[in-house]
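Report on one structure; see the data block that follows.
The values are calculated or read from the model by the stated rules, or taken from the named source; none is laboratory data. Just so we're clear, the structure is a prediction, and the values are computed from it rather than from any experiment. All Cβ positions, glycine included, derive from the backbone under ideal geometry; neighbour counts span all protein chains shown.
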Amino acid sequence: MNTPQASSDTPPSRSLVGKIGQGLLKVLTLFVILEPIWMLLPFAGFLYGSVLQIQTLNRNPQTAWLTHFVFPVLTLGWAGPVMVILGLAVFVVGASQIYWAKIRRSGIVTKGLYRFVRHPQYIALTLFGLGLLLAWGRAIMFIAFFLMMFLYYYLTKSEERTCIRLFGDAYRAYRERTSFIIPGDRFLRPLRARLPGVNLPAPVRASLAFVLTMGVCFGSMWLIQTIKIACRSVPYLAATVDLGPARDASLNVPMTAGQGGGIPFVQAGRIAVVRGPYRNASASGFAEHVLQRARQSVKLDEFLDFLDKPGPDVAIVFCGPYEPPKGTDSGPGSFAGKAPGGRGPGADPHGSDRVRLILMRCTLGPKATIADALGDKSKRTIVGGCIAHVDLDRPEEQDIVVDEATVAGPGFPGEERWDYFCKQFADLPRSDGVPAALALPGRYAQARLVLVNAPILRTRIDPGFAAEIRDRLAGSEKFRNRLRKAGAGGPVVAVAFPRPGPNWYSEHHGTPQISLFVMLVQLKDGADLDDLFRPARRDLLSAFIIPMDFAIAPPADSVGEATAIGLWRDLEERWDFFLSGLGAEGLAHAHPH
């Protein structure tokens with residue numbers, strides 16, 4: 001970057017291609033410099049959500065990783081921030097030399113930094129960008145960095161042609177005795193001269209160079225990701241949560257879990273409850289809870305009494321919202337609304353325990369099963385229906401049906417309802433990947449809690465903060481009730497990832513609000529807590545989000561109401577995203593109880 005004006009010459013106008021290149025370079029440079037800054041501001045949600053629609057990348061496993069981190073956060077410790085400061089300092093020094101020469105109209109700058117290389121400001125910006133990558137190495141920023149380097153190279157060539165036109169032999173002589181960008185690279189010129197030249201048109205050369213640059217970019221990303229995951233250590237804190245007395249084993253209904261046509265369900269004898277499509281109904285333990293209590297309901301007995309008699313008929317139960325959202329045509333898989341401030345889905349206004357059951361009595365075809373009926377409606381015939389509003393939070397001695405169950409008459413649109421629910425599942429990207437695992441509510445008196453020290457950086461560098469989150473969670477009555485209903489305990493572990501809350505950026509060192517993305521994870525036989533981070537050793541069952549406000553001092557409960565995450569969310573992708581900022585950080589696992 002050495003283009004001060006000569007005293008008697010004016011640089012010629014740049015070509016359109018050059019202007020476009022300069023504009024792209026400025027935009028990319030601004031993106032790389034500001035990306036870590038706006039990621040720490042509420043503006044990030046607007047930029048990546050409303051403007052760039054980056055959430056579309058998460059809908060496909062092949063592109064979801066582009067929202068993750070390539071380098072772990074603070075790779076090589078504080079080396080990244082040091083490189084950022086050094087790059088900024090070199091840039092300021094180089095820029096001051098150029099603009100001082102322009103003010104004095106002294107011609108070519110050959111002193112100071114320009115004595116060693118012809119483009120020290122580009123070295124500075126490269127150092128600055130690399131430092132940001134080591135401190136905040138997101139994949140999108142990684143790609144932007146390589147694009148910036150590609151444009152820098154062609155911009156330097158354009159600037160040097162301009163300098164030759166301005167200064168002629170003086171600049172040629174300066175170029176011969178000075179390195180290009182890397183100090184000492186002029187000694188490689190004899191080697192370059194021996195290499196065969198490529199006699200191709202400039203646009204073709206530029207296109208091939210771009211393809212090569214992107215190949216190096218994505219190849220580097222793949223290599224870094226592979227090494228990072230192989231060496232990654234996940235710091236976490238563990239605790240035991242008391243859930244209260246275990247449910248009497250005699251009250252547990254024998255159940256099995258399965259899928260039919262990508263629709264997950266839980267079955268007990270000739271009745272099955274579908275896990276969804278309404279998001280609360282897809283939560284761990286919800287369908288199991290419905291099965292446990294449906295046959296105890298006196299109000300449902302009129303419709304379900306056929307299950308006590310021999311015959312081929314079965315009951316298949318779909319779950320919808322307690323009341324459809326007013327003024328909308330939203331389906332049962334839709335959100336109940338947005339959380340305050342627009343930060344994720346809002347809690348169901350009717351509570352997570354209230355739901356509308358649509359029960360269908362079906363006659364199965366010869367040798368057909370409930371899974372067959374869900375996968376192929378020609379394998380069953382709907383012969384009756386019933387709709388009931390239920391509240392699963394009612395005590396055992398009360399009927400879960402709130403009013404009276406409505407037994408549908410001949411005009412019941414059974415096939416229409418069936419098709420509607422099945423379409424809801426067909427629109428869910430994870431419907432085929434939901435594990436067929438059971439989580440029985442109230443089966444255990446205790447459950448294990450794992451608080452992962454990610455993605456919030458403070459949970460890794462401030463052990464006291466992480467421990468307080470864990471202790472508040474373990475002592476929360478709302479959290480305990482949620483785990484009990486979700487069937488936590490035994491092999492089902494609650495894994496919590498803390499995230500910034502609404503006031504995090506103003507209060508993260510004071511009394512912050514946070515939210516916790518909690519996943520119910522079932523360990524496979526013989527697995528321990530460390531196996532949580534080995535996908536082959538565990539299954540992700542479901543998830544919910546709960547807020548926590550540090551301004552609420554113990555013993556008051558600082559945990560708010562839980563919001564279920566429906567089957568539309570790819571839990572594996574969320575899991576990978578939360579862990580993508582981690583590497584081999586040298587932080588030992590902590591297991592205090």
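A few comments on the model shown:
- Residue, surrounded by the fewest Cβ atoms within 10 Å (Cβ to Cβ), within the range 346-377, restricted to residues that are farther than 30 Å from residue 502 by Cα and among the polar types (S, T, N, Q): 363
- Residue 553 surrounded by fewer than 17 Cβ atoms within 10 Å (Cβ to Cβ), of a type outside the set (S, T, N, Q) and modelled with pLDDT of 90 or more: yes
- Test: residue in the range 390-398 that is touching a His at 6+ places or on another chain (Cβ under 6 Å), assigned by TED's automatic domain parsing to the domain that holds residue 352 and over 30 Å from residue 551 (Cα atoms): yes
- Filter result (crowded, with 19+ Cβ neighbours inside 10 Å and either free of Cβ contacts under 8 Å to residues at least 12 places away in the same chain or among the aliphatic types (A, V, I, L, M) (or both)) within the range 225-237: 237
Rundown of residues vs (1) in a loop (DSSP other than H, G, I, E, B); (2) of a type in the set (A, V, I, L, M, F, W, C); (3) modelled with pLDDT of 85 or more; (4) surrounded by fewer than 19 Cβ atoms within 10 Å (Cβ to Cβ), yes/no style:
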{"site": "381", "(1), (2), (3), (4)": "no, no, yes, yes"}
{"site": "386", "(1), (2), (3), (4)": "no, yes, yes, no"}
{"site": "393", "(1), (2), (3), (4)": "yes, no, yes, yes"}
{"site": "410", "(1), (2), (3), (4)": "yes, no, no, yes"}
{"site": "418", "(1), (2), (3), (4)": "no, yes, yes, no"}
{"site": "436", "(1), (2), (3), (4)": "yes, yes, no, yes"}
{"site": "441", "(1), (2), (3), (4)": "yes, no, yes, no"}
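- Residues satisfying the stated conditions in the range 468-492, i.e. closer than 23 Å to residue 527 by Cα and free of Cβ contacts under 8 Å to residues at least 40 places away in the same chain: 491
- Considering the conditions (1) assigned to a loop (DSSP other than H, G, I, E, B); (2) surrounded by fewer than 20 Cβ atoms within 10 Å (Cβ to Cβ), residue 531 is excluded by exactly one of them, (1).
- Subset tally (residues that are in contact with a helix residue (DSSP H, G or I) (Cβ under 8 Å, 6 or more places away or on another chain) and among the charged types (D, E, K, R)) for the range 122-169: 2
- Looking only at residues of the range 534-544 that are crowded, with 17+ Cβ neighbours inside 10 Å and closer than 20 Å to residue 229 by Cβ, we find that the one that is nearest to the chain's Cα centre (by Cα) is 540.
- Matching residues in the range 397-417 - criterion: being out of contact with any Leu (no Cβ under 7 Å at 6 or more places or on another chain) and touching a residue at least 60 places away in the same chain (Cβ under 8 Å): 399, 404, 407, 417
- Residue 464 meets the conditions (1) in contact with a strand residue (DSSP E or B) (Cβ under 7 Å, 6 or more places away or on another chain); (2) not in a loop (DSSP other than H, G, I, E, B) in every case but one. The failed one is (1).
- In summary, strands (runs of 3 or more DSSP E) completely within the range 253-327 and bearing 3 or more residues that are farther than 24 Å from residue 570 by Cα occur at 313-320.
- Evaluated against (1) modelled with pLDDT of 90 or more; (2) more than 23 Å from residue 482 (Cα to Cα); (3) among the polar types (S, T, N, Q), residue 259 falls short on exactly one condition, (1).
- Criterion applied to 314, 298 was being at pLDDT 70 or above, under 21 Å from residue 374 (Cβ atoms) and not polar (S, T, N, Q), and the one residue passing it is 314.
Residue-by-condition table, conditions (1) assigned to a loop (DSSP other than H, G, I, E, B); (2) more than 30 Å from residue 274 (Cα to Cα); (3) outside the structural domain of residue 282 (by TED's automatic domain parsing); (4) in contact with a Pro (Cβ under 9 Å, 6 or more places away or on another chain):
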site: 499; (1), (2), (3), (4): no, yes, yes, yes
site: 502; (1), (2), (3), (4): yes, yes, yes, yes
site: 527; (1), (2), (3), (4): yes, no, yes, yes
site: 546; (1), (2), (3), (4): no, no, yes, no
site: 551; (1), (2), (3), (4): yes, yes, yes, yes
site: 554; (1), (2), (3), (4): yes, yes, yes, no
